[in-house]
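To keep things clear, I will list the structure first and then write my remarks on it.
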Amino acid sequence: MATLLYAEVYLICIIIVWLCLYWVTRRSSGSASERWLHITLVGFLVSFISNLLFTIFNGGRLIPGLLYPLSYFFKTVYHLALCFGVYAWCGYADTECRGKLFVNRRMQLLTGIPLLGMAALIISNLWTHRMFVIDEGEAYMRSGLFQLEMGLLVAFTLAFSIKLILRRQNETDPVKRSHMLLVASFPLCLLIAWALTFIGEGLPIICVTITIELLCLFMGTSTQQISMDKLTQVNNRQNLLGFLDYKLLNHDEKIFLLMMDLDYFKTINDTYGHLEGDDALIRAAQALKYACGSFKRRPYIARYGGDEFIVVIESTKAEAEALIARICETLSELNDQASRPYTLAFSIGVGEYHPGMNANDLIEAADHALYEIKRARPPRPR
């Protein structure tokens, strides 16, 4: 009965994680953080399946002649996949706070050295039995190195969690801030699971706590996706209005709203087609992301509609002007890299918040400034 209950709990966790993986795969935007979330779900799914198979073969006494080697095989894969899932979560956490540790294979390998060492110890357990042992009665018992494994996993994730919490202080979007805090709670999940393992060997505690955390992460990313523009992967208009309502009531410095559109964008669409126009919008959004990423307190970016984008920065006027210069410079650099037969450029109008203004007032002020700039620009090239 205990074996059946244990297997049922694992099966439920596997179904939940698989469903999360299915929907993450279907809606994937190709972003680095979503790729790492996908890998995280795969790692833990393999871990859970391995432990389920161990429970079925060991508890059900299936294939008696191969029971002993299969039990060790499934448990070894379980521990290896657990470490891999934790490593992938670290990649997800690092990309969520726009870190640089998982941007190339060399850095990924260097970052994963502690877990590679643990993986070697897990494999060596097939001979040493210092992490876990399966006795003559086919009973599974954890050994001393299991505590080292859990301690390392907690410490490893805690380092990235602290980094995420620190980076969260400079995040302006309340939706993003909430999600970053949720992601940062993962070490606490592991710590609780580790502490509860001392209650007994027969409780599927680790898989339950990790599944709950993964489900929360999936729901958090889903909430973020709802607020994102699918093409450019910046915030959409609905999220922008909610952000402005929040920010106008919660700010310490001056607020500047930059409204911009792409010069002669209709000509690009008419001449080169809408697919090329979409590519131009994506490149423009990338320029905004790169430019805003260089500021300690990250400005808020949104697509307002069509080829119109809005950036909100809480800072001094000098910093707002520096941001405008950085946006133009970055877009120029991306133009050179893209080697397209046209040049992208922004016209940018600036609105400054004054007491008594609401979100629409601030947008209208920036829109009026943008209109004046566009009216003064040269006629459209023939």
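The values are calculated or read from the model by the stated rules, or taken from the named source; none is laboratory data. Keep in mind the model is a prediction, meaning the values are calculated, not measured. Cβ atoms come from the backbone with ideal geometry, glycine included; neighbour counts cover every protein chain shown.
Some values worked out for this structure:
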{"quantity": "Unique match (being under 19 Å from the mean Cα position of the chain (by Cα), among the charged types (D, E, K, R) and part of a helix (DSSP H, G or I)) among Glu171, Glu213", "calculated": "Glu213"}
{"quantity": "Residue pairs meeting the criteria (Cβ under 7 Å; at least 6 apart or on separate chains; first farther than 14 Å from Tyr290 by Cα, in the range 323-348; second surrounded by 14 or more Cβ atoms within 10 Å (Cβ to Cβ) and among the charged types (D, E, K, R))", "calculated": "Ala338/Arg283; Leu344/Arg283; Ala345/Asp263; Ser347/Asp261; Ser347/Asp263"}
{"quantity": "Selection status of Leu109, over 22 Å from Ser143 (Cα atoms), part of a helix (DSSP H, G or I) and without any contact (Cβ under 8 Å) to a residue 60 or more places away in the chain", "calculated": "yes"}
{"quantity": "Some residue of the range 33-48 being modelled with pLDDT under 90, closer than 25 Å to Asn104 by Cα and of a type in the set (Gly, Ala, Ser)", "calculated": "yes"}
{"quantity": "Odd one out for Phe146, checked against (1) at pLDDT below 85; (2) aromatic (Phe, Trp, Tyr); (3) surrounded by 15 or more Cβ atoms within 10 Å (Cβ to Cβ)", "calculated": "(1)"}
{"quantity": "Members of the range 13-26 found to be free of Cβ contacts under 8 Å to residues at least 60 places away in the same chain and either of a type in the set (S, T, N, Q) or closer than 11 Å to Phe48 by Cα (or both), listed by number", "calculated": "Ile14, Ile15, Trp18, Thr25"}
{"quantity": "Options Ala366, Ala322, Ala285: the member that is among the small types (Gly, Ala, Ser), modelled with pLDDT of 90 or more and touching a Leu at 6+ places or on another chain (Cβ under 6 Å)", "calculated": "Ala366"}
{"quantity": "When residues of the range 129-143 are limited to those that are of a type outside the set (A, V, I, L, M) and modelled with pLDDT of 80 or more, the one farthest from Leu196 (Cα to Cα)", "calculated": "His129"}
{"quantity": "Residue pairs meeting the criteria (Cβ under 9 Å; at least 6 apart or on separate chains; first farther than 18 Å from Ala320 by Cα, in the range 240-257; second of a type in the set (Ser, Thr, Tyr) and assigned to a strand (DSSP E or B))", "calculated": "Leu240/Tyr300; Leu240/Tyr304; Phe243/Tyr300"}
{"quantity": "Scope the range 41-53; condition buried (at least 24 other Cβ atoms within 10 Å of the Cβ) and under 10 Å from Ala7 (Cβ atoms); matching residues", "calculated": "Asn51"}
